[in-house]
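Undergrad: Sending over a structure as structure tokens; questions will come in a sec.
The values are calculated or read from the model by the stated rules, or taken from the named source; none is laboratory data. Since the model is a prediction, treat every value here as computed from it, not as a measurement. Glycine also receives a Cβ, built like all others from the backbone with ideal geometry; neighbour counts cover every protein chain displayed.
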């Protein structure tokens, strides 16, 4: 690097030369930043550094030498000899290059299907196997068609992933593929019905090749596969892949303006590993089905026709095929059952957007009840208000139950001979006064579709008469314009709601582009009353800011491609504000109208119809639209008011997230100014982001690098500054401010002060208190609402509660509750061995692994410690009850052949795991920090896996070593020193035969916001296959399927689920 270093971003390892150049920079004119070499990245960074130097070194060594190659080989051998002197690297003595230097190009059996060695040139790709290449169709390059034929001929296994396959492209390489498959080598091809572009003949031809496996995604709407990849695996390790823009069509592989990279696994093993991992993930996805020659032609023909004619997404009206729930639906079903099993809640309200398959979920829920309780009658009442809904629902239930005779319709002219499984309209139910004819306990399950009608008088007779074991309400819109609360029938709660990230990922809702527009209104001084801005003061602040309307028009013109073609909703502060906004939009050439809850029904309906038919461009509203409004065409939403409630914000956002023809995304313009310190931006951005990858302020500063597919968030500078200040201020919650809020809570919130109510009001989780070293009772005492106290174990118990907040085991919670609630009770029943181990886990939690530090050696000394800290113990009990009540997902038994308190799909810290397995006791804690642990006396091997090895930025070189392939298969890479012939590797491979058990524990990151993260227990695993050595890559099959809701936490590659 001669001369002065230029300005810019770098990623250079600092050597002595670079250090000197940095020292030469003027400290007054320049500043530089540096960071420590990340330990997981060090091998890659150091190798790259040496690799960049070696070409220069070797060229210099060969300069002037008669035999340049021999001199260069000698230098490399000197380097290897030096490395081999290290005690851990003696095996490098066997890696010395044999002078003068030769390259192995092939090994061929003398009696085999391959050409003889001298003829191999005819099938060897023109591009070297050890180098990357870019094919652009230039004349001096080999054609993609010819390279594909040679790659096919020289491969041992082939995988193709393409959006579509045309006969015109397949026939160009068909002969090569026929020869490949005839030799017994495996071919796997994945494609889709997207756009109807695939040729049926091409698929059936491929499926007819011997040993070929063809997978097709028939859902042309949700599976929008744009990847094009051709993978060529070779037993020699010289794998290659062609990735780029070329589908399997004649123009793409012959004459099209296509760019395709030929990737070499020898040059970038980590990148090739990611490609292979992605392929396996897609291959094992339920989205792709194996195409069966002679059986599936008609299914594919229909799917291609539907995609070509753009007839829309498949509805729920036809169920002649095998119905399976999507993963997001299965997660909702599991959580519904958990509400019943864990909390005894059998009146369940399910909220999910139109098109998400609520009826299918209801049918699978009913089918599960029949399977779980075969001794019951399972009489069913399904109620809706329209005949077509009832007919479709009955067809759906028959399809799920695989019973064409199931159920009877009572609607319109249809009469039911039996009421055991009745699908009835609410009108017919009332007209026949069925409450007089059917006993109240007749039905085991009552399902009410479109339950937002449930509070109407026409439904009350039904709901008040029947007392089923399970009441299931289905709705897309739980809010009503008349303010009535439909959750009164469901103990005041929504049991399960389809979350925004899941709906967007599944293409049930359209993606959004969110723009945070810097607002001119300053709301810091507007009074805050009972969790919201005081309405009159808020209205005054907004109306007094005349430039704001001009700012709104400018933002619309700046961010919308065609403002004159918009179909939008504007959410406003007040009636006067909505009217003013409508006038300003109309004057700007965007005809608009203000509507509110006070607008007469006929006028509101006319306005909605005008927007639907584009006679209006915006409807300006104060309140959430009534449940009857269905406007999929809305493509723009303006937030012209600060929406204090996250629920209302998501409801308003959801008005524009419906899918519609030619609608690419929803544009959101949110006008963001300086907010009151009580206003919370963090919850809405967490909801928009989905899974938390890093602290929210870093996500914002980094430009939101981890968005949902197709979505984006852009914040103007002023808006970003206001949001960051608000979020950081919320993180810096001051203790005195919190104490003042506790003192005034009842007056300001209008409800009694409780631990749960206060947390909900402040958008806090219990861990937000304990992370700061605070306790609830200490805050109450400081607020004068609890007597002063002093307890020696307070700090330890607060740390224990902080860890407890990251656990989710019902057995753990209930065992501790039983123990803590019985501290003063004499003669408690003896604890089981598993329950005793829970106490060891608990004691280890209190002091982060060393119970003896608190004088705890056994259950009795633990009991004495807790009794001397009664207030903190009471708070621990309070927290346990809170966490137990908020458990949403079921766990599974561990299946081990000895007592152990671990539950599958629950989270545990390493010290918990070792305590639960008897490795640690209250007086002995020898656990280390290794990621693998052999427990000989239990015949166990534990794999403690952190998926994202690097604690810094995204690391493509370490992310694809360990990952879930799908919900039952897991790819894991051993430690780098493990050879395939080592006793450790043999123990892993032969574990089923020898009676060893393999347990998998997985976490995404080691730390989030500086806090160590627990592992998710995936349960027992069984050997499937392995490859390589030092390290060895294994594929394991899990005994328990990973639930859909947990799968994103253990997946390092996106899954086509």
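Undergrad: On the basis of being assigned by TED's automatic domain parsing to the domain that holds residue 865, modelled with pLDDT of 90 or more, farther than 23 Å from residue 917 by Cβ and part of a helix (DSSP H, G or I), does residue 813 make the cut?
TA: So residue 813 does not fit the description; no.
Undergrad: How many residues does segment 602-630 hold that are outside any loop (DSSP other than H, G, I, E, B), buried (at least 17 other Cβ atoms within 10 Å of the Cβ) and modelled with pLDDT under 85?
TA: Within segment 602-630, residues that are outside any loop (DSSP other than H, G, I, E, B), buried (at least 17 other Cβ atoms within 10 Å of the Cβ) and modelled with pLDDT under 85 number 1.
Undergrad: Separate question: Is it the case, given these coordinates, that residue 160 is free of Cβ contacts under 8 Å to residues at least 40 places away in the same chain and either crowded, with 16+ Cβ neighbours inside 10 Å or in a strand (DSSP E or B) (or both)?
TA: Answer is no for this residue.
Undergrad: Turning to a different aspect of this structure: Can you tell me which residue in segment 646-675 is surrounded by the fewest Cβ atoms within 10 Å (Cβ to Cβ), limited to those that are without any contact (Cβ under 8 Å) to a residue 40 or more places away in the chain and farther than 18 Å from residue 578 by Cβ?
TA: Taking the candidates together, the pick is 662.
Undergrad: Further question on the same structure: Looking at segment 525-549 only, could you name the residues that are in a helix (DSSP H, G or I) and either out of contact with any strand residue (DSSP E or B) (no Cβ under 8 Å at 6 or more places or on another chain) or on the phi > 0 side of the Ramachandran plot (or both)?
TA: 535, 536, 537, 538, 539, 540, 541, 542, 543, 547, 549 - these are the residues of segment 525-549 that are in a helix (DSSP H, G or I) and either out of contact with any strand residue (DSSP E or B) (no Cβ under 8 Å at 6 or more places or on another chain) or on the phi > 0 side of the Ramachandran plot (or both).
Undergrad: Of the conditions (1) in contact (Cβ under 8 Å) with a residue 40 or more places away in the chain; (2) within 32 Å of the chain's Cα centre (by Cα); (3) assigned to a helix (DSSP H, G or I); (4) surrounded by fewer than 16 Cβ atoms within 10 Å (Cβ to Cβ), residue 763 clears all except one; give me its number.
TA: All conditions pass for residue 763, except number (3).
Undergrad: Next question. Let me confirm something: among 889, 834, 853, which residue is assigned to a helix (DSSP H, G or I) and at pLDDT below 90?
TA: Criteria check complete, one pass: 853.
Undergrad: While we're on this one: Tell me which residues, restricted to segment 574-589, are part of a loop (DSSP other than H, G, I, E, B) and under 39 Å from the mean Cα position of the chain (by Cα).
TA: Residue satisfying the conditions is 574 alone.
Undergrad: Go through (1) part of a loop (DSSP other than H, G, I, E, B); (2) closer than 21 Å to residue 452 by Cβ; (3) in contact with a strand residue (DSSP E or B) (Cβ under 7 Å, 6 or more places away or on another chain) one by one and return the number of the condition residue 599 breaks.
TA: (3)
Undergrad: Among residues belonging to segment 163-194 that are within 34 Å of the chain's Cα centre (by Cα) and farther than 21 Å from residue 299 by Cα, point out the one that is surrounded by the fewest Cβ atoms within 10 Å (Cβ to Cβ).
TA: 186
Undergrad: Right, something else. Determine if segment 920-932 includes at least one residue that is surrounded by 16 or more Cβ atoms within 10 Å (Cβ to Cβ) and at pLDDT 85 or above.
TA: no
Undergrad: Restricting segment 550-562 to residues that are under 34 Å from the mean Cα position of the chain (by Cα) and part of a helix (DSSP H, G or I), which is surrounded by the most Cβ atoms within 10 Å (Cβ to Cβ)?
TA: 556
Undergrad: Oh, and also: Of the residues that sit in segment 257-284 and are in a loop (DSSP other than H, G, I, E, B) and in contact with a helix residue (DSSP H, G or I) (Cβ under 9 Å, 6 or more places away or on another chain), which one is modelled with the lowest pLDDT?
TA: Only one residue fits best here, namely 258.
Undergrad: On the given criteria, is residue 597 within 35 Å of the chain's Cα centre (by Cα), at pLDDT below 90 and not assigned by TED's automatic domain parsing to the domain that holds residue 760?
TA: For residue 597, the condition - within 35 Å of the chain's Cα centre (by Cα), at pLDDT below 90 and not assigned by TED's automatic domain parsing to the domain that holds residue 760 - is not met.
Undergrad: Just checking, how many residues over segment 740-753 are in a loop (DSSP other than H, G, I, E, B) and either outside the structural domain of residue 783 (by TED's automatic domain parsing) or loosely packed, with under 14 Cβ neighbours inside 10 Å (or both)?
TA: 3
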